[in-house]
Each structure stands twice: as C-alpha cells, then as structure tokens.
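Encoded as structure tokens, the structure appears first; notes follow it.
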Amino acid sequence: MKDDEMIQILEYGLMEWGIVLNAEQRERFMRLTRWLMDWNKRMNLTNITEPERIAVEHYLDSVAPLAFGLLQGGMRVVDVGTGAGFPGLPLAILRPQASFTLVEATRKKTDYLRAVMAELGLTGVEVVWGRAETLAHQPEYRERFGVAIARALGALDVVLECTLPFVKVGGIAVAYKGPRVSGELAFGEKVAALLGGQIEKVHRFPLPQSDLQRTLVVVRKTTPTPPRFPRRAGLPEKRPLRLLRKGA
C-alpha cells in the first residue's frame, strides 16, 4: 500500500470525528509509518505491520480522545507505558500546543522514540526511561499532569494505579480499553476511589474505517492520591488492587 492510500484511510477516519489533517501533519504521519516499519525489522515494536492497519489500529485508536474533547491545546499529558509511542505520538502530531511526556521502561524503545521525535520535529515531546511506579513518586512528575493516558497497559485497576498518581487534582486519567470492559468497571470504581478519583464517563464507540469496537474510561482526579500509591515496581500487576482489601 502506498503512503497516500494509508493517509487516505486515516483522513477519512478522522473526518468522521470532525478532524482535518493539515499538510505538515499528513507528512508527519507518513514519516512515522516509514520509521515504525523500518525499526520494526530490527526490534519488536508492533505486530501490526500493514499500513492500512497501522492507520486504523494505531493512529485512529490513539487519537480517539480528541473525538470526545478530552485533550485540549496547552495541556500537559503523560503517556504511561507508551511502547512504540502509542497513543502519545499521534496525539502530539494532532495537538502540537500540548506537551507530552512519554514514559517507557524499555531502553531500546526510548532510543527509538527519541530518534522518531527528532525525525518528526516534535518539540513538545519528552521521553522518559523508567517504571511508572517509580517515576510517579518523584516530585517533578507526581500530580503534575492534566491528563494521563494508557493504552494496552492491563486491567483497569492496574492502569489506574499507574496513571492517577501522575494526575493533578481536577485532571483526568484515560484508559484505552476494548469492548469487554463492563466486568472491570465495578472494581475500577472502587480502586479509583482508593486512589483519589472517580469514573466520570465511559465512551464506547466503533473505530472509523473498521468494525472494531473500543472503549475509553475517563476517571476524574478529585483528591490527592495517598502517598503509598503506586506500590513498588511490579506489584500492581502481581497483586492487583482488586484482589486486596481497601486498607492493603
């Protein structure tokens, strides 16, 4: 598939959400696709390698919060567990007025992200190597962001423990989930309250240009997160909060 065909799929999908690409954004998405596919030959960045699937399952999926007005220009955004830069990089292309901090624990992936940032000329993006559980306790990151986003990070309680500590009171955490999230919402509400938040909205929608169903769970930060959270690296996955008593 040629670049212009991939971009056409992306543009048609974005138009369903009322988003129009300018020439610079169009060029950046084409260059990002080339770099992703080239680096993926050397390291495991993604199992999605067809350009048309990248346009839908990476780019459109990443920028879905824009369809619901969840990310405005000027916001400070942290992308926790960004991996190959999703959702942070596509959002940064479409919202250059916002600032983005991409958190990734794998050194090789941060090398890729920094190379891509330079290639695309994204000046409002910072890449940070480290575990979210550690970084969220550091003063320069704790409760400093208006929005925390996480895609493919795990069950909802794991996502919230690794994102809400970054969010300032009044801000939001956005968890990207698939269609079968209903079973996570009950314990998600309890965990959100434990961490200083509450589920504000659940957006269910089809991804444009596909039959894929997606969900965004929006959690509003209402009070500071207790200092003991997040727990030390690895514990959110090994001992998820849904399995513990409230005082654990």
From a point 7 Å beyond the Cα of Q213 in the direction of its Cβ, which residues of the stretch 155-198 have a backbone N at a distance under 16 Å? 177-185
For L185 paired with H137, estimate the spin-label separation in nm (one decimal), with each label point 7 Å from Cα along the Cα-to-Cβ line. 3.5 nm
Give, in nm to one decimal, the length gained when the segment between T123 and L235 is fully stretched (0.36 nm per residue of separation minus the Cα-Cα distance). 36.9 nm
Ignoring everything but the protein chains, give the 1.4 Å probe accessible area of T49 in square angstrom, nearest 10. 60 Å²
Using a 1.4 angstrom probe with every protein chain in place, what is the largest-first accessible-area order of I149, I199? I199, I149
Residue separation between M37 and A23 times 0.36 nm, minus their alpha-carbon distance, gives in nm 2.9 nm
Round to a whole angstrom and tell me the spacing of the C-alpha centers of the stretch 119-152 and the stretch 180-195. 23 Å
Percent of beta bridges antiparallel (DSSP, the chain, rounded to nearest 5): 45 percent
If amide hydrogens are placed 1.01 Å from N in the peptide plane, which non-local residues have theirs closer than 5 Å to the one on F100? V77, V125, E126
Expressed as cubic angstrom per residue, what is the convex hull volume of the alpha carbon set of the stretch 34-154? 105 Å³
Per-residue HN-Hα couplings for the stretch 49-58 [Karplus 6.51, -1.76, 1.60; θ = phi - 60°; Hz; x = Gly/Pro]: 10, 7, x, 5, 6, 4, 4, 8, 7, 9
Provide, in order from the shortest bin, the percent of all Cα-Cα pairs of the stretch 143-214 in each 10 Å bin, continuing until the bin that contains the maximum pair distance. 20, 53, 23, 5
Heavy-atom accessible area of I7, protein chains in place, probe 1.4 angstrom, given in Å² to nearest 10, is 10 Å²
Please identify, among L14, L235, L113, the residue showing maximal mean-square fluctuation in a Gaussian network model of the chain using a 10 angstrom Cα cutoff. L235
When N counts the residues of the stretch 198-248, how does its alpha-carbon radius of gyration compare numerically with 2.2 N^0.38 Å, as a ratio? 1.61
If amide hydrogens are placed 1.01 Å from N in the peptide plane, which non-local residues have theirs closer than 5 Å to the one on E200? V218, V219, R220
Report the calculated FRET efficiency for A193 and E16 (r = Cβ-Cβ distance, R0 = 41 Å), to the nearest 0.05. 0.75
With all protein chains present and a 1.4 Å probe, the order of E140, E52, E57 from largest accessible area down is E140, E52, E57
Would you work out what percent of the accessible area of the chain, with all protein chains in place, is carbon or sulfur (probe 1.4 Å)? 50 percent
Rolling a 1.4 Å sphere over the protein heavy atoms, what is the accessible area per residue of the chain, to the nearest Å²? 44 Å²
Can you tell me the orientation of helix 107-120 relative to the chain, as the angle in degrees between its alpha-carbon axis and the longest Cα principal axis, to the nearest 10? 50 degrees
Residue-wise, which Karplus ³J(HN,Hα) couplings in Hz belong to the stretch 196-203, taking 6.51 cos²θ - 1.76 cosθ + 1.60, θ = phi - 60°, and x for glycine or proline? x, x, 8, 5, 9, 7, 10, 9
Between (1) 39; (2) 48; (3) 55, which matches percent of Cα pairs over 25 Å apart calculated for the structure shown? (1)
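The values are calculated or read from the model by the stated rules, or taken from the named source; none is laboratory data. What you see is a predicted model; the values in this text were computed from it and never measured. When we count neighbours, we look across all protein chains shown, and the Cβ atoms used for this are built from the backbone with ideal geometry, even at glycine. Each accessible area value is taken on the protein alone, full model and side chains, heavy atoms only, with ligands, DNA and RNA left out. Shrake-Rupley method; radii C 1.70, N 1.55, O 1.52, S 1.80 Å.
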